[in-house]
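Participant: Have a look at this one before I ask anything.
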Amino acid sequence: MADKFSSHVSSINSPPENIFGVTPDDGADLPNASRALNVAQSGTVRVTTVGGDTETLFLAAGIAFPVRVQRIWSSGTSATGIVAMF
């Protein structure tokens, strides 16, 4: 597959290049900090940002929400089908 943009430097404004399904965990950080989150079913997602703030967000299904997080907590999270993009 050809990638016309492979020679371009990726920045925070670029679309994410990788995605991975997330299992919320109160005791472990994500393997990579996110650039955005998406959920399959709307609900709350308790996160800790890369800046260290912990807060509960409401995410609507199917919409990429730009937020840089290092942890997605099990407690306080009701959304399902969480995907982190980076």
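No value in this document is a laboratory result; all are computed from the given coordinates. What you are looking at is a predicted structure, and each value in this text was computed from that prediction instead of being measured. Reconstructed Cβ throughout: ideal geometry from the backbone, glycine too, with neighbour counts over all protein chains shown.
Participant: So which trypsin sites (Lys or Arg not before Pro) in the chain are both in a DSSP loop and have at most 13 other Cβ atoms within 10 Å of their Cβ? Intermediate results must be reported in sequence, preceding the final value.
Facilitator: Details: sites: 4, 35, 46, 68, 71; in loops: 4, 35, 68.
Those that pass, being in a loop and sparsely packed, are 4.
Participant: Tell me which chymotrypsin sites (Phe, Trp or Tyr not before Pro) from region 1-72 have a DSSP coil assignment and no more than 15 other beta carbons within 10 Å of their own. Could the numbers behind the result be given before it?
Facilitator: Numbers: sites: 5, 20, 58; in loops: 5.
Here the sparse-neighbourhood loop sites are 5.
Participant: Rounded to the nearest 0.05, what FRET efficiency do residue 78 and residue 13 have when you use their Cβ-Cβ distance and R0 = 30 Å?
Facilitator: Numbers: r = 30 Å, r/R0 = 1.01.
With a Förster radius of 30 Å, E is 0.50.
Participant: Report the relative contact order of the chain, percent, no decimals, based on alpha-carbon pairs under 8 angstrom and at least 6 residues apart.
Facilitator: Contact order relative to length: 41 percent.
Participant: Please list, in chain and number order, the residues 5+ apart from residue 82 or on another chain whose amide H is under 5 Å from its amide H, with Hs placed from the backbone.
Facilitator: Result for residue 82 returns 22, 40.
Participant: Still on this structure, please answer the following. State, to one decimal in nm², a quarter of the convex hull surface area for the C-alpha atoms of the chain, i.e. the direction-averaged projected area.
Facilitator: The directionally averaged projection comes out at 6.1 nm².
Participant: Among 74, 14, 42, which one moves the most in a GNM of the chain with springs linking Cα atoms closer than 10 Å?
Facilitator: 14
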